[in-house]
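Okay, structure first, notes after.
The values are calculated or read from the model by the stated rules, or taken from the named source; none is laboratory data. Small disclaimer: the values here were computed from a predicted structure and weren't measured. Note that each Cβ is placed from the backbone with ideal geometry, even for glycine, and that neighbours are counted across all protein chains shown.
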Amino acid sequence: MVRTNQRQRKDIVLTMVVQQYIRTDAPVSSAFIAEGYEDGISSATIRNILADLESDGYLTHPHTSAGRIPTQRGYRYFVDFLMREIALVEEERHRIQREYEQGVRELELLMERTSAIISDLTHCASIVTLDGYPRTYSFRGTNYLAEQVGALGLRKMACILKALEEKERILEVLRRDLDKKIKIYIGQETACVDFDDCAMAVSHFKTRGGTAGHMAVLGSTRMDYARVVSALEYVSELMRELD
């Protein structure tokens with residue numbers, strides 16, 4: 001029972017750190033955890049939990065700060081075990097439905113509209129590709145990508161944009177066999193060195209008319225994973241109704 005409580009406390013603290021870091025892009029302090037932890041635990045206990053999470057490889061801290069930030073391992077654990085999907089607000093759902101109700105008769109327009117919708121929903125870059133059309137995809141959201149990844153430096157941003165333009169490596173990631181409805185690759189899991197500081201969520205779609213392809217969201221490792229998953233799932237559902 002004691003071990004279970006310890007694991008639960010670690011999970012709660014890790015979730016708080018990940019969610020706060022996604023919101024603020026700033027290291028998360030033990031004081032923030034103490035203030036937000038509902039059941040009330042001592043500051044000493046919180047410091048011990050943070051130290052344990054760092055020792056286990058889920059958190060780290062910049063040299064200039066006492067606060068913690070998630071590692072790629074921490075994000076992976078959060079995505080696999082702790083994340084809960086969010087519900088898109090009704091206004092967003094209606095707007096997306098209206099976009100598709102206007103009709104999409106050309107494949108190129110389908111790609112462009114879908115990538116624009118996903119990018120606007122997630123505030124990340126988005127990629128849409130159609131099966132059977134090699135080297136063809138629609139990419140939107142360079143501005144969002146620059147905001148998220150720009151802090152890594154111009155050289156890093158230039159490498160990412162070059163990889164997106166070359167397409168082959170991106171298409172290789174998008175067209176991997178998906179063992180889930182949505183697959184999330186974090187950092188080095190993309191097997192693309194230019195994306196070591198990025199995360200990519202990939203989903204497959206198929207319209208009622210038979211058009212199939214892949215959708216992806218690309219951003220920094222601190223992307224809002226719950227919102228990204230919810231957006232991809234909802235857009236996939238809507239596209240299943242398209243002729």
Review point. Would segment 139-148 turn up any residue that is touching a Ser or Thr at 6+ places or on another chain (Cβ under 6 Å) and more than 23 Å from GLU237 (Cα to Cα)?
Key: yes
Check your understanding: Among ARG113, ARG135, which is surrounded by fewer than 21 Cβ atoms within 10 Å (Cβ to Cβ), assigned to a helix (DSSP H, G or I) and assigned by TED's automatic domain parsing to the domain that holds SER220?
Key -> ARG113
**Study point:** MET223, sole failed condition from (1) assigned to a loop (DSSP other than H, G, I, E, B); (2) more than 22 Å from GLU92 (Cβ to Cβ); (3) not charged (D, E, K, R)
**Key:** (2)
**Study point:** Residues that are β-branched (Val, Ile, Thr), over 29 Å from ASP197 (Cβ atoms) and touching a residue at least 24 places away in the same chain (Cβ under 8 Å), drawn from segment 1-55
**Key:** ILE41, THR45
Check your understanding: Limited to segment 191-232, what total is found for residues that are more than 16 Å from SER119 (Cβ to Cβ) and either free of Cβ contacts under 8 Å to residues at least 12 places away in the same chain or surrounded by fewer than 21 Cβ atoms within 10 Å (Cβ to Cβ) (or both)?
Key -> 16
Practice item. Only residues that are loosely packed, with under 15 Cβ neighbours inside 10 Å and either among the aromatic types (Phe, Trp, Tyr) or free of Cβ contacts under 8 Å to residues at least 24 places away in the same chain (or both): list them for segment 233-243, please. Key: GLU237
Exercise for review: For residues that are in contact with a Lys or Arg (Cβ under 8 Å, 6 or more places away or on another chain) and over 30 Å from ALA116 (Cα atoms), scanning just segment 57-75, find the one that is surrounded by the fewest Cβ atoms within 10 Å (Cβ to Cβ).
Suggested key: GLY57
Check your understanding: Of the residues that sit in segment 190-243 and are at pLDDT below 90 and among the β-branched types (Val, Ile, Thr), which one is nearest to the chain's Cα centre (by Cα)?
Key -> THR190
Point to revise | Complete set of residues in segment 76-110 that are within 16 Å of GLN19 (Cα to Cα) and surrounded by 11 or more Cβ atoms within 10 Å (Cβ to Cβ) | key: ARG76, TYR77, PHE78, VAL79, LEU82, MET83, GLU85, ILE86
Study note, to complete from the structure: Counting only residues that are modelled with pLDDT under 90 and farther than 27 Å from ARG23 by Cβ, segment 111-150 contains a total of 6
Study note, to complete from the structure: Taking segment 50-80 and keeping residues part of a strand (DSSP E or B) and either within 16 Å of THR24 (Cβ to Cβ) or basic (Lys, Arg) (or both) leaves LEU59, ARG68, ILE69, PRO70
Study note, to complete from the structure: Within segment 52-70, the count of residues that are at pLDDT 95 or above and either assigned by TED's automatic domain parsing to the domain that holds SER220 or of a type in the set (A, V, I, L, M) (or both) comes to 3
